[in-house]
Amino acid sequence: MDTAYISAIAALSGSIIGGLTSLAASWVSQNAQARTQMLLESKSRRQELYKAFIEEAAKLYGDALISAEDHADVSKFAGLYVMLSQMRILSSQAVVENAEKIINAIAKEYFEPNRTLREMYGKSHELDEELDIMRHFSEACREDLRGRGSI
């Protein structure tokens, strides 16, 4: 074989290998960026969901504490149940379980006699679980948002 052919084949092989290496590196980089973007969007979506749930639950809990009615209007809970269903798709089991506990605590509170903040807070002079029904939910959300590395 002529040395000119060998040189040409070597140059062509080097170009092909260099091109394939560049293509592979580009694909890996794009794949990593896309995955990172999906994770950030998932985290953002869950953050907004948790925020909306906390705000709606706080409104309903406040209403339940001062409500003179002896029954809860089921339509008031529709938004919470929609958010709970979304959490069942997007969130960890701990988040879902704690959200269910909040909904149950709010529903139960509608059947309790009205109490003042002094009556609730006066027992132990600490913010206890009866008043801070969202503490465990918030902690579960923080762990969910901090610890999940995959969608």
request  = Kindly check whether there is at least one residue in segment 28-51 that is surrounded by 16 or more Cβ atoms within 10 Å (Cβ to Cβ), in contact with a Gly (Cβ under 6 Å, 6 or more places away or on another chain), within 26 Å of Arg142 (Cα to Cα) and among the charged types (D, E, K, R).
outcome  = no
task = Give the number of residues within segment 1-58 that are among the small types (Gly, Ala, Ser) and within 30 Å of Val96 (Cα to Cα).
result = 7
message = Any residue that is part of a helix (DSSP H, G or I), more than 19 Å from the chain's Cα centre (by Cα), among the aliphatic types (A, V, I, L, M) and within 24 Å of Gly147 (Cβ to Cβ) - is there at least one of those in segment 32-51?
response = yes
Unmet requirement for Asp63, which otherwise passes all of (1) without any contact (Cβ under 8 Å) to a residue 40 or more places away in the chain; (2) loosely packed, with under 13 Cβ neighbours inside 10 Å = (2)
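To keep it simple, each residue is scored yes or no on (1) surrounded by fewer than 17 Cβ atoms within 10 Å (Cβ to Cβ); (2) in contact with a Gly (Cβ under 7 Å, 6 or more places away or on another chain); (3) modelled with pLDDT under 85; (4) within 20 Å of Tyr61 (Cβ to Cβ).
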position	(1), (2), (3), (4)
Met83	no, no, no, yes
Arg88	yes, no, no, no
Lys101	yes, no, no, yes
Asn104	yes, no, no, yes
Thr116	yes, no, yes, yes
Lys123	yes, no, yes, yes
Leu145	no, no, no, no
Ile151	yes, no, yes, no
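The values are calculated or read from the model by the stated rules, or taken from the named source; none is laboratory data. Quick caveat, the model's predicted, so the values are computed rather than measured. So basically every Cβ, Gly included, is an ideal-geometry build from the backbone, and we count neighbours across all protein chains shown.
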